[in-house]
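Asks: Below is one structure. I have some questions about it.
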Amino acid sequence: MNSTPRLSACTPMGEESWRVFRIMAEFVDGFETLGQMPPAVSIFGSARTPCANPVYQQAELCGKLLAERKRAVITGGGPGIMEAANKGAYEAGGVSIGLNISLPDEQKPNAYQTHELNFSFFFCRKVMFVKYARAFIIFPGGFGTMDEFFESLTLMQTQKIDPFPVILVGHDYWDGLMDWIKGVFIERYTTINKKDLDLFMVTDDVEEAVRLVDEAICGMGPFGKYQGINREMEPTGEGTHPGVNPRRRPLGGAEALS
(Lines give C-alpha, C1' and ligand atoms only; values in the text may rest on other atoms or scores of the structure.)
Protein backbone atom coordinates (compact mmCIF):
# COMPACT_ATOMS: atom_id res chain seq x y z
CA MET A 1 0.00 0.00 0.00
CA ASN A 2 1.36 3.42 -0.99
CA SER A 3 0.42 5.97 1.65
CA THR A 4 2.18 8.87 -0.11
CA PRO A 5 -0.30 11.29 -1.74
CA ARG A 6 -0.18 11.09 -5.51
CA LEU A 7 1.22 14.00 -7.45
CA SER A 8 -1.61 15.87 -9.17
CA ALA A 9 -1.52 18.57 -11.82
CA CYS A 10 -2.19 21.22 -9.18
CA THR A 11 0.42 20.04 -6.65
CA PRO A 12 3.31 22.55 -6.53
CA MET A 13 6.67 20.86 -7.17
CA GLY A 14 8.16 22.73 -4.23
CA GLU A 15 5.67 21.02 -1.94
CA GLU A 16 6.67 17.63 -3.33
CA SER A 17 10.34 18.40 -2.68
CA TRP A 18 9.70 19.44 0.91
CA ARG A 19 7.81 16.21 1.49
CA VAL A 20 11.16 14.42 1.08
CA PHE A 21 12.49 16.27 4.14
CA ARG A 22 9.41 15.35 6.18
CA ILE A 23 10.03 11.71 5.25
CA MET A 24 13.70 12.05 6.22
CA ALA A 25 12.71 13.57 9.56
CA GLU A 26 10.53 10.57 10.38
CA PHE A 27 13.35 8.17 9.55
CA VAL A 28 15.88 10.15 11.60
CA ASP A 29 13.55 10.35 14.60
CA GLY A 30 12.84 6.62 14.41
CA PHE A 31 16.47 5.58 13.91
CA GLU A 32 17.77 7.75 16.75
CA THR A 33 15.10 6.59 19.20
CA LEU A 34 14.83 2.89 18.41
CA GLY A 35 18.55 2.42 17.84
CA GLN A 36 19.05 2.88 21.59
CA MET A 37 16.54 0.21 22.61
CA PRO A 38 17.22 -3.35 23.83
CA PRO A 39 16.33 -6.31 21.56
CA ALA A 40 12.71 -5.73 20.57
CA VAL A 41 9.66 -7.72 19.53
CA SER A 42 6.93 -6.17 17.36
CA ILE A 43 3.40 -7.17 18.36
CA PHE A 44 0.44 -6.76 16.02
CA GLY A 45 -3.31 -7.20 16.29
CA SER A 46 -6.66 -5.49 15.97
CA ALA A 47 -7.30 -1.99 17.29
CA ARG A 48 -10.91 -3.06 17.88
CA THR A 49 -10.32 -5.77 20.46
CA PRO A 50 -11.95 -4.72 23.78
CA CYS A 51 -10.19 -5.18 27.12
CA ALA A 52 -12.70 -7.85 28.22
CA ASN A 53 -11.77 -10.07 25.27
CA PRO A 54 -9.52 -13.05 26.13
CA VAL A 55 -7.27 -12.14 23.18
CA TYR A 56 -6.64 -8.72 24.75
CA GLN A 57 -5.63 -10.47 27.95
CA GLN A 58 -3.31 -12.78 26.02
CA ALA A 59 -1.60 -9.79 24.40
CA GLU A 60 -1.24 -8.10 27.77
CA LEU A 61 0.40 -11.23 29.19
CA CYS A 62 2.66 -11.36 26.12
CA GLY A 63 3.91 -7.82 26.73
CA LYS A 64 4.47 -8.59 30.40
CA LEU A 65 6.47 -11.77 29.74
CA LEU A 66 8.66 -10.06 27.15
CA ALA A 67 9.37 -7.14 29.49
CA GLU A 68 10.34 -9.53 32.25
CA ARG A 69 12.92 -10.96 29.84
CA LYS A 70 14.28 -7.47 29.14
CA ARG A 71 12.84 -7.37 25.62
CA ALA A 72 11.43 -4.11 24.32
CA VAL A 73 7.86 -4.27 23.04
CA ILE A 74 6.94 -2.38 19.85
CA THR A 75 3.31 -1.83 18.81
CA GLY A 76 1.40 0.58 16.62
CA GLY A 77 0.61 2.64 19.71
CA GLY A 78 -3.17 2.54 19.37
CA PRO A 79 -6.01 0.79 21.24
CA GLY A 80 -7.00 -2.88 21.29
CA ILE A 81 -4.19 -5.42 21.01
CA MET A 82 -1.63 -2.62 20.72
CA GLU A 83 -2.77 -1.15 24.02
CA ALA A 84 -2.80 -4.57 25.65
CA ALA A 85 0.80 -5.39 24.69
CA ASN A 86 2.03 -1.92 25.69
CA LYS A 87 0.15 -2.18 28.97
CA GLY A 88 1.70 -5.53 29.84
CA ALA A 89 5.20 -4.25 29.14
CA TYR A 90 4.63 -0.88 30.83
CA GLU A 91 3.22 -2.30 34.05
CA ALA A 92 6.06 -4.82 34.20
CA GLY A 93 8.56 -1.94 34.14
CA GLY A 94 9.76 -2.67 30.62
CA VAL A 95 10.42 -0.66 27.47
CA SER A 96 7.05 -0.08 25.80
CA ILE A 97 7.25 1.60 22.39
CA GLY A 98 4.35 2.95 20.35
CA LEU A 99 4.74 3.78 16.65
CA ASN A 100 1.69 5.96 16.24
CA ILE A 101 0.25 6.95 12.87
CA SER A 102 -1.76 10.00 11.83
CA LEU A 103 -5.02 8.83 10.26
CA PRO A 104 -8.14 10.57 8.88
CA ASP A 105 -10.05 9.13 11.84
CA GLU A 106 -7.57 10.12 14.54
CA GLN A 107 -5.80 7.30 16.33
CA LYS A 108 -5.60 8.04 20.03
CA PRO A 109 -2.25 6.89 21.46
CA ASN A 110 -2.67 4.48 24.33
CA ALA A 111 -1.46 5.51 27.78
CA TYR A 112 1.11 2.73 28.22
CA GLN A 113 4.06 3.94 26.13
CA THR A 114 7.48 4.70 27.57
CA HIS A 115 8.60 5.86 24.12
CA GLU A 116 6.10 7.43 21.73
CA LEU A 117 6.89 8.10 18.08
CA ASN A 118 4.47 9.69 15.63
CA PHE A 119 4.40 9.06 11.88
CA SER A 120 2.54 10.58 8.96
CA PHE A 121 3.86 8.05 6.43
CA PHE A 122 2.90 4.40 6.72
CA PHE A 123 6.03 3.20 4.92
CA CYS A 124 8.36 4.96 7.38
CA ARG A 125 6.51 3.38 10.27
CA LYS A 126 6.63 -0.07 8.66
CA VAL A 127 10.40 0.15 8.29
CA MET A 128 10.69 0.69 12.05
CA PHE A 129 8.57 -2.36 12.82
CA VAL A 130 10.97 -4.57 10.85
CA LYS A 131 14.37 -2.90 11.28
CA TYR A 132 14.36 -2.98 15.09
CA ALA A 133 12.45 -6.23 15.69
CA ARG A 134 14.01 -9.59 16.45
CA ALA A 135 10.63 -11.28 16.09
CA PHE A 136 6.96 -10.67 15.27
CA ILE A 137 4.15 -11.97 17.49
CA ILE A 138 0.82 -11.52 15.73
CA PHE A 139 -2.63 -11.71 17.31
CA PRO A 140 -5.98 -11.66 15.45
CA GLY A 141 -6.41 -8.47 13.48
CA GLY A 142 -7.62 -6.87 10.29
CA PHE A 143 -6.07 -5.61 7.07
CA GLY A 144 -3.18 -3.85 8.81
CA THR A 145 -2.27 -6.97 10.74
CA MET A 146 -2.35 -9.06 7.57
CA ASP A 147 -0.23 -6.46 5.82
CA GLU A 148 2.51 -6.74 8.45
CA PHE A 149 2.30 -10.54 8.45
CA PHE A 150 2.66 -10.96 4.71
CA GLU A 151 5.28 -8.24 4.39
CA SER A 152 7.49 -10.05 6.91
CA LEU A 153 7.10 -13.30 4.96
CA THR A 154 7.90 -11.53 1.68
CA LEU A 155 11.08 -9.98 3.07
CA MET A 156 12.26 -13.33 4.43
CA GLN A 157 11.25 -15.36 1.38
CA THR A 158 13.17 -13.00 -0.90
CA GLN A 159 16.12 -12.94 1.54
CA LYS A 160 15.91 -9.18 1.96
CA ILE A 161 16.07 -9.78 5.71
CA ASP A 162 17.41 -12.70 7.72
CA PRO A 163 14.58 -14.94 8.93
CA PHE A 164 13.26 -14.23 12.40
CA PRO A 165 10.41 -15.81 14.36
CA VAL A 166 6.95 -14.91 13.11
CA ILE A 167 4.48 -16.45 15.54
CA LEU A 168 0.72 -16.27 15.07
CA VAL A 169 -1.37 -16.58 18.23
CA GLY A 170 -4.77 -18.27 18.03
CA HIS A 171 -5.54 -21.40 16.02
CA ASP A 172 -9.25 -20.49 15.92
CA TYR A 173 -8.44 -17.29 14.04
CA TRP A 174 -5.49 -18.36 11.89
CA ASP A 175 -6.23 -21.96 10.87
CA GLY A 176 -8.67 -20.97 8.12
CA LEU A 177 -5.99 -18.80 6.51
CA MET A 178 -3.43 -21.58 6.91
CA ASP A 179 -5.76 -24.04 5.14
CA TRP A 180 -6.26 -21.54 2.31
CA ILE A 181 -2.52 -20.94 1.94
CA LYS A 182 -1.86 -24.68 1.77
CA GLY A 183 -4.80 -25.48 -0.50
CA VAL A 184 -4.52 -22.53 -2.90
CA PHE A 185 -0.96 -21.21 -2.76
CA ILE A 186 0.74 -24.60 -2.62
CA GLU A 187 -1.57 -27.30 -3.99
CA ARG A 188 -3.71 -25.56 -6.63
CA TYR A 189 -1.54 -22.74 -7.94
CA THR A 190 1.99 -23.57 -6.64
CA THR A 191 2.70 -19.87 -6.09
CA ILE A 192 4.90 -20.60 -3.06
CA ASN A 193 7.06 -23.53 -2.00
CA LYS A 194 6.01 -25.87 0.77
CA LYS A 195 9.17 -24.93 2.69
CA ASP A 196 7.86 -21.35 2.92
CA LEU A 197 5.47 -22.60 5.60
CA ASP A 198 8.54 -22.90 7.85
CA LEU A 199 8.76 -19.10 7.94
CA PHE A 200 6.04 -18.92 10.60
CA MET A 201 4.12 -20.98 13.13
CA VAL A 202 0.76 -20.92 14.92
CA THR A 203 0.18 -21.49 18.64
CA ASP A 204 -2.50 -20.95 21.26
CA ASP A 205 0.11 -20.64 24.00
CA VAL A 206 1.46 -17.14 24.61
CA GLU A 207 4.11 -18.46 26.97
CA GLU A 208 5.35 -20.80 24.23
CA ALA A 209 5.50 -17.89 21.77
CA VAL A 210 7.55 -15.78 24.18
CA ARG A 211 9.84 -18.69 25.03
CA LEU A 212 10.54 -19.39 21.35
CA VAL A 213 11.28 -15.72 20.70
CA ASP A 214 13.57 -15.50 23.71
CA GLU A 215 15.44 -18.64 22.66
CA ALA A 216 15.84 -17.30 19.12
CA ILE A 217 17.28 -14.00 20.35
CA CYS A 218 19.78 -16.05 22.37
CA GLY A 219 20.60 -18.17 19.30
CA MET A 220 18.80 -21.30 20.51
CA GLY A 221 15.65 -23.25 19.68
CA PRO A 222 14.07 -23.93 16.26
CA PHE A 223 14.35 -20.28 15.19
CA GLY A 224 17.76 -19.67 16.74
CA LYS A 225 19.73 -20.93 13.75
CA TYR A 226 18.51 -17.94 11.75
CA GLN A 227 19.77 -15.29 14.15
CA GLY A 228 22.90 -13.43 13.10
CA ILE A 229 23.34 -15.06 9.71
CA ASN A 230 26.46 -13.64 8.06
CA ARG A 231 26.09 -12.03 4.66
CA GLU A 232 28.71 -11.05 2.10
CA MET A 233 27.16 -7.61 1.84
CA GLU A 234 26.29 -5.25 4.66
CA PRO A 235 22.59 -4.60 5.30
CA THR A 236 21.15 -1.44 3.81
CA GLY A 237 20.24 1.44 6.08
CA GLU A 238 16.60 0.51 6.48
CA GLY A 239 17.47 -2.99 7.61
CA THR A 240 17.28 -5.06 4.42
CA HIS A 241 20.02 -6.69 2.34
CA PRO A 242 21.01 -4.98 -0.93
CA GLY A 243 20.62 -8.10 -3.07
CA VAL A 244 21.60 -8.12 -6.73
CA ASN A 245 20.76 -5.22 -9.01
CA PRO A 246 18.82 -6.84 -11.90
CA ARG A 247 20.04 -4.13 -14.30
CA ARG A 248 23.76 -4.69 -13.80
CA ARG A 249 25.26 -5.79 -17.12
CA PRO A 250 28.86 -6.39 -18.27
CA LEU A 251 30.13 -3.42 -20.27
CA GLY A 252 33.64 -3.41 -21.76
CA GLY A 253 35.11 -5.67 -19.07
CA ALA A 254 33.40 -3.74 -16.28
CA GLU A 255 29.87 -3.53 -14.98
CA ALA A 256 27.59 -0.62 -15.71
CA LEU A 257 25.57 0.47 -12.73
CA SER A 258 22.11 1.68 -13.58
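The values are calculated or read from the model by the stated rules, or taken from the named source; none is laboratory data. As the structure is a computational prediction, the values presented were derived from the model and not from experiment. Glycine gets a Cβ as well: all are built from the backbone with ideal geometry, and neighbour counts include every protein chain shown.
Asks: Considering only residues that are among the hydroxyl-bearing types (Ser, Thr, Tyr) and under 19 Å from residue 163 (Cα atoms), which ones fall in the stretch 176-215?
Replies: Kept after step one, since they are among the hydroxyl-bearing types (Ser, Thr, Tyr), are these residues of the stretch 176-215: 189-191, 203.
Result: 203, single match.
Asks: Kindly evaluate residue 26 against the criterion of being acidic (Asp, Glu), surrounded by 18 or more Cβ atoms within 10 Å (Cβ to Cβ) and more than 15 Å from the chain's Cα centre (by Cα). First the steps, then the outcome.
Replies: Details: acidic (Asp, Glu): yes; surrounded by 18 or more Cβ atoms within 10 Å (Cβ to Cβ): yes; more than 15 Å from the chain's Cα centre (by Cα): yes.
For residue 26, the condition - acidic (Asp, Glu), surrounded by 18 or more Cβ atoms within 10 Å (Cβ to Cβ) and more than 15 Å from the chain's Cα centre (by Cα) - is met.
Asks: Out of all the residues in the stretch 32-49, which are in contact (Cβ under 8 Å) with a residue 12 or more places away in the chain and over 17 Å from residue 76 (Cβ atoms)? Talk me through it step by step, then tell me what you get.
Replies: Our first condition is that a residue be in contact (Cβ under 8 Å) with a residue 12 or more places away in the chain; within the stretch 32-49, this holds for 33-35, 37-49.
Hits for the stretch 32-49 are 35, 38, 39.
Asks: Condition first: buried (at least 17 other Cβ atoms within 10 Å of the Cβ) and either under 19 Å from residue 46 (Cα atoms) or out of contact with any strand residue (DSSP E or B) (no Cβ under 7 Å at 6 or more places or on another chain) (or both). Now tell me which residues in the stretch 93-106 satisfy that.
Replies: Selection gives 96, 97, 98, 99, 100, 101.
Asks: Any idea which of (1) within 26 Å of residue 177 (Cα to Cα); (2) buried (at least 17 other Cβ atoms within 10 Å of the Cβ) is the one residue 147 doesn't satisfy?
Replies: So the condition that residue 147 fails would be (2).
Asks: Turning to a different aspect of this structure: Would you point out which residue out of 182, 160 is basic (Lys, Arg), under 25 Å from residue 26 (Cβ atoms) and either touching a residue at least 60 places away in the same chain (Cβ under 8 Å) or in a helix (DSSP H, G or I) (or both)? Before you say what the answer is, go through the steps one by one.
Replies: Values: 182 fails: under 25 Å from residue 26 (Cβ atoms).
Checking each option against the conditions leaves just 160.
Asks: Quick check on the stretch 150-186: of everything there that is of a type in the set (D, E, K, R) and surrounded by 14 or more Cβ atoms within 10 Å (Cβ to Cβ), which residue is modelled with the lowest pLDDT?
Replies: Looking at residues that are of a type in the set (D, E, K, R) and surrounded by 14 or more Cβ atoms within 10 Å (Cβ to Cβ), I get 162.
Here is a yes/no grid of residues against (1) of a type in the set (A, V, I, L, M, F, W, C); (2) at pLDDT below 95; (3) out of contact with any strand residue (DSSP E or B) (no Cβ under 9 Å at 6 or more places or on another chain):
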{"residue": "2", "(1), (2), (3)": "no, yes, yes"}
{"residue": "13", "(1), (2), (3)": "yes, yes, yes"}
{"residue": "16", "(1), (2), (3)": "no, yes, yes"}
{"residue": "28", "(1), (2), (3)": "yes, no, yes"}
{"residue": "34", "(1), (2), (3)": "yes, no, no"}
{"residue": "51", "(1), (2), (3)": "yes, no, yes"}
{"residue": "56", "(1), (2), (3)": "no, no, yes"}
{"residue": "68", "(1), (2), (3)": "no, no, yes"}
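Asks: If you don't mind, there's one more thing I want to ask. Determine the pairs where a residue that is at positive phi, located within the stretch 76-92, has a partner that is assigned to a helix (DSSP H, G or I) with Cβ atoms under 8 Å apart, the partner being 6 or more residues away or on another chain.
Replies: From residues that are at positive phi, the pairs are 77/86; 80/56.
Asks: Determine whether the stretch 96-116 contains at least one residue that is in contact with a helix residue (DSSP H, G or I) (Cβ under 7 Å, 6 or more places away or on another chain), at pLDDT 95 or above, among the hydroxyl-bearing types (Ser, Thr, Tyr) and under 25 Å from residue 201 (Cα atoms).
Replies: So far as the stretch 96-116 goes, yes, one or more of its residues are in contact with a helix residue (DSSP H, G or I) (Cβ under 7 Å, 6 or more places away or on another chain), at pLDDT 95 or above, among the hydroxyl-bearing types (Ser, Thr, Tyr) and under 25 Å from residue 201 (Cα atoms).
Asks: Give the stretch 21-38 a look and list any residue that's of a type in the set (A, V, I, L, M, F, W, C) and not in a helix (DSSP H, G or I), or say none.
Replies: 37
Asks: From the set of residues in the stretch 122-144 that are crowded, with 18+ Cβ neighbours inside 10 Å and of a type in the set (Phe, Trp, Tyr), which is nearest to the chain's Cα centre (by Cα)?
Replies: Within the stretch 122-144, the match that is nearest to the chain's Cα centre (by Cα) is 129.
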